[in-house]
1. Excluding S148 itself, what net charge comes from residues whose Cβ is under 12 Å from its Cβ, given Lys and Arg +1 and Asp and Glu -1?
2. Taking the mean number of other Cβ atoms within 10 Å as a proxy for protection, how do you rank 168-180, 99-111 from highest to lowest?
3. Considering the dipole of the range 138-190 built from charges on the beta carbon (Lys and Arg +1, Asp and Glu -1) around the Cα centre, which of G149, I182, Q164 is farthest to its positive end?
4. Longer than 20 Å from Cα to Cα, which of K8/K130; K3/K129; K129/K169 are they? Say none if no pair is.
Amino acid sequence: MNKGMLLKLIIFFSISFIVILVVMTLVVGFLTPNATDSGNPSVAAVSDSTQAVADSSRETNGDSLASGTIDSAAAANNESAIAEQKKLDSLKMALSRAETEKRELEEKLKASENEVPAKNATSELANAKKVAKIYENMGAEEAATILSGLRTDEVVAIIASMKQRQAAKILAAMEPGKAVTISQKLAGLN
C-alpha cells in the first residue's frame, strides 16, 4: 500500500470518526430523560402529586400558597429548558466545528490526490527510461518478441524513451498490427 492510499484511508477514517462522534453526542443528548419528561412514570407521579398539592392548597389556604408552588414548578421547568437549550447550542457548535474540520480534511485529501499522480508519473517515466536502456542493448528481434507480450501503453512508454534508431529496428521486427498501434500512439493519433 503506497503512502497516498494510506493517507486517504487515515483521512477517511478520521472524518468518519468525527461525524459518528457528533451524531452519537446529539442522539445521547436528545434521548437522555430530563426532569420535565412526562414519559417517565416517576417524574409523572411527582408532577401529578405537585399539581394535587397545589390544587388542595388553593382550596384551603387561598391562592397565595398555590401560586408559590406553581411558580417554583415553572421556575424549575424554565431552568431545565435553559439547560437543554445550552446543551443544544453547545452541540450545534461542536457539529459546526466538526463540519469545518471535515471540509479542511477533504481539501487536504484532494490536494494529496493531485500530488500522488504527479509523483507516480515522474517515477514511471524514470522507470521507462531504465527499461528502454535494457531493450536498446538487446537485439531488435529479441526485444520485439518480449515487448509484444506487454500492454500497449507500456510498450509506447518504453519505445518513446529509446533512441530513434533502435526504436525503429524494434518496431520493424514487431508484428505489423502491433507496430501500427504503437506508432499511432507515439504520434498521438490514437
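Each reported figure results from applying straightforward, stated rules to the coordinates on display, with no laboratory input. Quantities reported herein were computed from a predicted structural model and do not represent experimental measurements. Cβ sites come from the backbone with ideal geometry, for glycine too, and all protein chains shown count toward neighbours.
1. Values: positive: R151, K178; negative: E141, E142, E154, E175.
Here the count lands on -2.
2. Details: 168-180: 15.5, 99-111: 12.5.
With the highest mean Cβ count within 10 Å placed first, the list reads 168-180, 99-111.
3. Selected residue: Q164.
4. Working: K8/K130 30 Å; K3/K129 24 Å; K129/K169 18 Å.
Pairs exceeding the cut-off: K8/K130; K3/K129.
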